[in-house]
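Data block below; observations after.
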Amino acid sequence: MKRLPLLPTLVVGIAIAIMIGLGVWQLQRMAWKDALLKEYASASDQPAIAWPAVPDAGSLPLYRKSSVNCLTVTGWRSSSGRSGRGQAGWVHIASCSTGAEGPGAQVVAGWSSRPDDPVWSGGQVGGIIAPDSTHLIRLVAAPPVAGLDAVQPPSPEDIPNNHWAYAIQWFLFAAIAAVIYGVAVARRTRS
């Protein structure tokens, strides 16, 4: 009977341990994400907060009510989005100067069927703080401004929590690696 190959067994053992560790990490992330989503879901019941002049990336006040005074609109960007009635079209986002320290504010002014920049020069606007991929946060105006229609309101339900599936995937990878290595070692010892 041949001996178990030391180096390949060590490498496969380490790989399996890493995959199991990644599965456990995904389970921990799932618990963290559940708590975060519960916090976001309860945010709509909390009182309005002042617009954060410089948002803290580690503790964003997402889905809270807030307001901002857009002194001047310094630029517009439009992206595809949905209206409050679910229609596809354009969401118009104003870059606002607020007169305070920091990056200013991004304000989702509203929705329209055309990508043309709306006519709005700024003013006081209230709404809900939502995530923004470029500027961390933005204010979704409620009600919309500049004669635009309402956009689909931001919701924590839109944030996926698929860490359970990732954990199962890593555990399956580890099991498959163990089975394949076991079969390879069994064939080697028979020959």
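The values are calculated or read from the model by the stated rules, or taken from the named source; none is laboratory data. Remember, it's a predicted structure, so these values are computed and weren't measured experimentally. Note that each Cβ is placed from the backbone with ideal geometry, even for glycine, and that neighbours are counted across all protein chains shown. Just so you know, the surface numbers come from the protein's heavy atoms only, side chains and all, with ligands and any DNA or RNA stripped out. Shrake-Rupley method; radii C 1.70, N 1.55, O 1.52, S 1.80 Å.
Points worth noting:
- Residue list for region 164-182, filter: more than 17 Å from Ala31 (Cβ to Cβ) and within 22 Å of the chain's Cα centre (by Cα): Gln169
- The residue list Pro143, Pro115 contains one member that is outside any helix (DSSP H, G or I), without any contact (Cβ under 8 Å) to a residue 24 or more places away in the chain and farther than 30 Å from Met30 by Cα, which is Pro143.
- Any hit, region 3-11, residues being outside any helix (DSSP H, G or I) and open to solvent by 40 Å² or more (accessible area, probe 1.4 Å): yes
- The single condition among (1) out of contact with any strand residue (DSSP E or B) (no Cβ under 8 Å at 6 or more places or on another chain); (2) open to solvent by 60 Å² or more (accessible area, probe 1.4 Å) that Pro153 does not satisfy is (1).
- Among all positions in region 56-79, there is at least one residue which is of a type outside the set (S, T, N, Q), outside any loop (DSSP other than H, G, I, E, B) and without any contact (Cβ under 8 Å) to a residue 24 or more places away in the chain.
- Scan of region 73-116 for residues that are acidic (Asp, Glu) and either buried (at least 16 other Cβ atoms within 10 Å of the Cβ) or under 26 Å from Asp56 (Cα atoms) (or both), ordered by number: Glu101
- Per-region count, region 170-191, residues open to solvent by less than 80 Å² (accessible area, probe 1.4 Å) and in contact (Cβ under 8 Å) with a residue 24 or more places away in the chain: 8
- The set of residues in region 156-168 being assigned to a helix (DSSP H, G or I), of a type outside the set (A, V, I, L, M, F, W, C), open to solvent by 30 Å² or more (accessible area, probe 1.4 Å) and more than 19 Å from Ala88 (Cβ to Cβ) consists of Glu157, Tyr166.
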